[in-house]
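Novice: Next up is a structure, given as structure tokens.
Every number in this text was worked out from the coordinates using simple rules, so none of it is lab data. Keep in mind that what you see is a predicted model, and the values were worked out from it rather than measured. With ideal geometry, Cβ positions are generated from the backbone for all residues, glycine too; neighbour counts draw on all protein chains shown.
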Amino acid sequence: MVERPAILAIDFQEAIARPSSPKDPRHRILAASQAIIRQARLASIPVILTQTIRHPDQKGVVTPKTDRDKRLPPYRDLGGILPELGPLTQDIVIPKYQWSSFYATALEMFLDRLEISTLMLMGIATNLAVESTARDAYDRNYHCIAIADAMMGTTPEEHRFSLTYVYPRISRVMTSTAAIAWLVAKH
């Protein structure tokens, strides 16, 4: 079976992914993501960007009781997708409402229509939205490539934990350089 990849850039939105200072690690994540997306577009590989949507009336807000505080208040405008990444006319934008890009979205329909078998995952946060999406992709029998330096966790420790103990069980793990080389070799 031929691997047909797509880039899945998760939650690269202004309030989540915009670097706030010159030393902000999101500069590196953004640069790695831009390089991969650029190579994918050159090879005519689909680029799919997700955008978490929150409504001011809080409809659809998940409210289960948990032991850990939520990182964001129930409503916060997360802004649009960073213009450095797109979207371009040919890109697909998937609005989403929960961590996983599969939950109650059209993602799987687009993947089926495009005959995608491999998802190259990047985004924020490694251990939340990206990992939830990777788990759901694994359960649906998609191959995944987690691009380690094109992700950032809620903390460095959670990022490392996910990449060390979770992703190797449900995906391949590559650097952006290795992912670009893989794209060039395959396509």
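Novice: What does the net charge come to around T133 if you take all other residues with beta carbon closer than 12 Å to its beta carbon, with K and R at +1 and D and E at -1? Show your work: numbers first, answer last.
Specialist: On the way: positive: K96, R135, R140; negative: D11, E108, E131, D136, D139.
Taking every Cβ under 12 Å from that of T133, the sum is -2.
Novice: Okay, next question. Limiting things to C-alpha atoms, what are the Rg and the maximum Cα-Cα separation (Dmax) for the range 109-182, in angstroms?
Specialist: Cα radius of gyration and Dmax of the range 109-182 are 11.9, 37 Å respectively.
Novice: For the range 33-54 and the range 83-107, what is the separation of their Cα centres, given in Å?
Specialist: 10 Å
Novice: Note down the magnitude of the dipole of the range 1-49 about its Cα centre, charges +1 on Lys and Arg C-beta and -1 on Asp and Glu C-beta and zero elsewhere, to the nearest 20 debye. Don't skip to the answer; put the middle values down first.
Specialist: Values: 7 positive and 4 negative charges, 33 e Å.
Around 160 debye, computed over the range 1-49.
Novice: Right, something else. Enter the mean projected area of the convex hull around the alpha-carbon atoms of the chain, in nm², rounded to one decimal. Each step should come with its number before you reach the end.
Specialist: Values: hull surface 43.5 nm².
With every direction weighted equally, the projected area is 10.9 nm².
Novice: Further, regarding this structure: I'd like to know which of F110, C144, Y165 lies farthest towards the positive end of the charge dipole of the range 82-169, counting +1 on Cβ of Lys and Arg and -1 on Cβ of Asp and Glu.
Specialist: Y165
Novice: Further question on the same structure: What 222 nm value per residue comes from the helices of the chain, counting each DSSP H run with n ≥ 4 as -39,500 (n - 2.57) and dividing by all residues, nearest 500 deg cm²/dmol?
Specialist: Values: 7 runs with 58 residues, N = 187.
Calculated at 222 nm, the ellipticity per residue is -8500 deg cm²/dmol.
Novice: Run the simple label-point estimate for T89 and E158 please: 7 Å along Cα→C-beta, distance reported in nm.
Specialist: So the two model labels end up 4.0 nm from each other.
Novice: Next up: Can you work out the base-10 log of I(q)/I(0) for the range 141-187 at q = 0.18 1/Å, using the Debye formula on its C-alpha atoms alone?
Specialist: The calculated log intensity ratios at q = 0.18 Å⁻¹ are -0.57.
Novice: Could I ask something else about it? Considering amide H positions built from the backbone, and no H for Pro or chain starts, which residues 5 or more places from D149, or on another chain, come under 5 Å of its amide H?
Specialist: S176
Novice: Moving to a separate point now. Below 13 angstrom from the Cβ of A148, what's the summed charge of the other residues (Lys, Arg +1; Asp, Glu -1)? Please report the intermediate quantities before stating the final value.
Specialist: Values: positive: R28, R160, R172; negative: E131, D149.
That sum, taken over residues with Cβ under 13 Å, equals +1.
Novice: Roughly how many debye, to the nearest 20, is the charge dipole of the chain about its Cα centre, given +1 on each Lys and Arg Cβ, -1 on each Asp and Glu Cβ, and no other charges?
Specialist: Working: 22 positive and 19 negative charges, 34 e Å.
For the chain, the charge dipole is close to 160 debye.
Novice: Continuing with the same structure: Ranked highest first by the average count of other Cβ atoms within 10 Å around their residues, in what order do 152-164, 128-140 fall? Walk me through the numbers on the way to the answer.
Specialist: Details: 152-164: 16.2, 128-140: 20.9.
Result, highest mean first: 128-140, 152-164.
Novice: Looking only at the chain, where both bridge partners belong to it, what percent of the DSSP beta bridges are antiparallel (to the nearest 5)?
Specialist: Numbers: 1 of 24 bridges.
Restricted to the chain, the bridges split so that about 5 percent are antiparallel.
Novice: Taking amide H positions as placed 1.01 Å from N in the peptide plane, with prolines and chain starts having none, which residues 5 or more places from T52, or on another chain, fall under 5 Å of its amide H?
Specialist: Here D11, K96 satisfy the definition.
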